[in-house]
Structure formats: C-alpha cells, structure tokens
Amino acid sequence: MKDLEQLTVFYGILQNPLVSAFAEAVKQPQNERAQTEFFRKLYAADAQEDFCAYFCNAVLRDENAFARACAEEKPLSRYLFAAAVSDLQRIGQALKEWSADDRFNVGRASELFEGWNEKTAERLSAYYRKNGYGKFSEYTAFRYSEGELVPIQSPSRVSLRDLKGYEREKAEVLDNFENFARGLPFSDMLLYGDRGTGKSSTVHAAVNLYAAQKVRLVELAKEDLLCLPSLKTKLAQIPMKFVLFVDDFSLSEKDERFSTLKAALQGSMEGHAKNVMIAATSNRRHIVEENFDTRRNSVHAGDSEQELLSLSDRFGITVLFSSVGKAEYLAIVSALADDAELTTEKETLFRLAETWALIKGGRSPRRAKQFIDYASACERKHKEIIL
C-alpha cells in the first residue's frame, strides 16, 4: 500500500526529485544508497524542518485529471474520485511510517490534507473549484516563451487604488473585465494613448482585482505574435480565464504579424474563445505605423487605408488614455503624496513636481509617481528634496 510508484492520479508528483527520492527510500527501506540519496535531496531542498508541508505543496500543485476535472466545475466521476482517495491514503501511510525518524521533521499535514482520506479529497475538490489547479492556482501571471507558459515569480501588485485619475477610462476597462470574469459577453480591448498614462498598470490592476475569480495574465511579446492562434487554442483547453496581454504594441504596414492578429481578433473560423480575452496597449490609435508614401503610391489608396483601420476596429473596446494637463497632473501628485504620507507642504511639492516634469520631459501619472517616490525617499532619509 505504501509504494508511491503505484499512484494513479497524483503520479505527477514523482517528477519532483525529492518526492521521487522519497518514493525510492520508502520502497527500499534497507537500501542505504536510496536512503542516502533521499537525505541529500531533502537537505538540498531545505525541507528537513517540515517535510510534510513540502509534500503537501507538491500534491496541491500537481496538474492531474482529478484537479483539472474539479477546476472545470463539472460533475466528477466517482471512479476518478475513488482513485484520488486511494492515492491520498497511500501517501498518508508512507509519511506516517517515516514520522519516527529523528534525522528530519516529517511534520503534520495542513488542515486541507488532514486525514489523507475521502474528506481530504472533498476539500481538495473545493479548493480546485475555487482557485484553479496546478501552477494556475499558485501564480496569477505568466510569460509565453518557446511554447510554454512560464510563471512570473514577482508580478505587479498594483491595485486600482494606486492609480490616480482616469476614472472614466478605468471604469470602462473594469466593466469589460467584470463581464469576462463572470462569463458574460466581453470584448477584446485596445488601450491607447500617450506613454506613462497608466495603460499597462490598469490592465495589471484589473487582473489583480479578479484573480480570485480565476483570471490570469499571459504576457505575449510582440515578436511572438505569430504564435497567437496556437496559444489561444492551448489556453481555450484550460479551465481558467486568461487575459492575453500585448504591451506597447505597434506594427509596420507590411508586417506579417498584421494578418495573424486580425484573424485572432474574431476574424477566423476558430471563433471567440470564451475564456481568452486579448488586451493590448499602444501609443497609436490604429496600431499600424502609417506611411504617406505607401498611401500615395497605392493604386487603391482607399482600400489600403481601410485595410489598416480594420485591425484596430476588431478590438470591441478601445479606450483613450490622453496626456494630462497641469491641473490633473498636480491632482495626481497630491493624491499620491497623501498615500505616501509626505509631510512637505503641498505648495512646495507642486513646485518641485512641475520642475520634475520639465526635467523628465512632460507631465504624466508615471512622472508623478516617480517624483513622489523620490520625494518619499528624501523625507525618510531626512534630506531636502533637491532637483
């Protein structure tokens, strides 16, 4: 019963080097080489103080048929459930038999895994239904690289409260995100406008807001746009909701990625994946870097122009983040200063903030945030804010 190599549902945990070494040590208790290899990996993983917690995490993050079926929120096969229970009992027994070893602390299972029995499987099922499964339950943001979704270890933690101004623009973005998270009709989005106005931060904040509803971000580099159709197909098969994010996006008129993106934006036979939303940011309303010479040399100039406009038109929602004037800029500075609890008089802050904008090349929310960060650091070091 204790042989972990006979796992049928959670067998994926055996890909973990430490778990695999433990399985060998359990299988061959008299084999000194197997025992030594386990302890080598145990100490290397720094898991000797609470091995059970390490093991529980490996089980929780395993991507398997049981976890996926629960995450899909569909009726669960009683055969699959019974197999999961059997595996949990097998794991629990193996850990119990090692609990007396004084060379390391096996520890106790968390409340989620307590008992390693049918109740454990029920609690796991509820967890997967709420949070998703595998790496998607642990991470909220990913980067698409060489055909794989690579977790972003330190994603942006920005919240909507951190973003000052642009209330109407943020409300429009959030309304679409709410539709997406709730399974209502939604649209792909293009956020365009001047640099530093908070386009990307608004997308990040919205993902953070709806992460508890299984919304995840997938960053797609402009260089990988040709992979967009296959990536959408891959994501459509995963029971989570994905925001495919293309930041600072622009194309030339003859770029081969132009057609690929058009097809991905509700232009192909594949249709609109219910769990994938494209969100792009750009400094250009029509994304494409337009060239007057191309237009002048075109036999059908009108058709050429319509072709270029057809790309941005396929985004169901376009939101303009325009540059701010002096009053809006100083209002953002004031709000950020209040959040940072700065003690410098507002009149002085405003004068310095204006100087900062002049030095840095213009007013924007990004400039305001950079200035407040600098001013906050100066105050904490009891230094004068000098520009």
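The values are calculated or read from the model by the stated rules, or taken from the named source; none is laboratory data. Note that the structure is a prediction, hence the values are computed from the model and not measured. Counting neighbours? That spans all protein chains shown, and the Cβs are built from the backbone with ideal geometry, glycine included. These accessible areas exclude ligands, DNA and RNA; they are computed on the full protein's heavy atoms, side chains included. Shrake-Rupley method; radii C 1.70, N 1.55, O 1.52, S 1.80 Å.
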key: Close pairs (6 angstrom Cβ cut-off, 6 or more residues apart or separate chains): closer than 18 Å to ALA205 by Cα and without any contact (Cβ under 8 Å) to a residue 40 or more places away in the chain in the range 143-165, assigned to a loop (DSSP other than H, G, I, E, B) and open to solvent by 40 Å² or more (accessible area, probe 1.4 Å) anywhere   = PRO151/TYR139
task = Among the strands (runs of 3 or more DSSP E) lying completely within the range 147-242, list those that include at least 3 residues that are crowded, with 16+ Cβ neighbours inside 10 Å and touching a strand residue (DSSP E or B) at 6+ places or on another chain (Cβ under 8 Å).
result = 189-193, 215-219
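From the list ILE278, ILE287, pick out the single residue that is within 27 Å of GLU178 (Cβ to Cβ) and modelled with pLDDT of 90 or more.
Working: ILE287 fails: modelled with pLDDT of 90 or more.
Only one candidate passes the filter, namely ILE278.
Among LEU76, LEU95, which is modelled with pLDDT under 95 and touching a Ser or Thr at 6+ places or on another chain (Cβ under 8 Å)?
Numbers: LEU95 fails: touching a Ser or Thr at 6+ places or on another chain (Cβ under 8 Å).
So the residue among LEU76, LEU95 that is modelled with pLDDT under 95 and touching a Ser or Thr at 6+ places or on another chain (Cβ under 8 Å) is LEU76.
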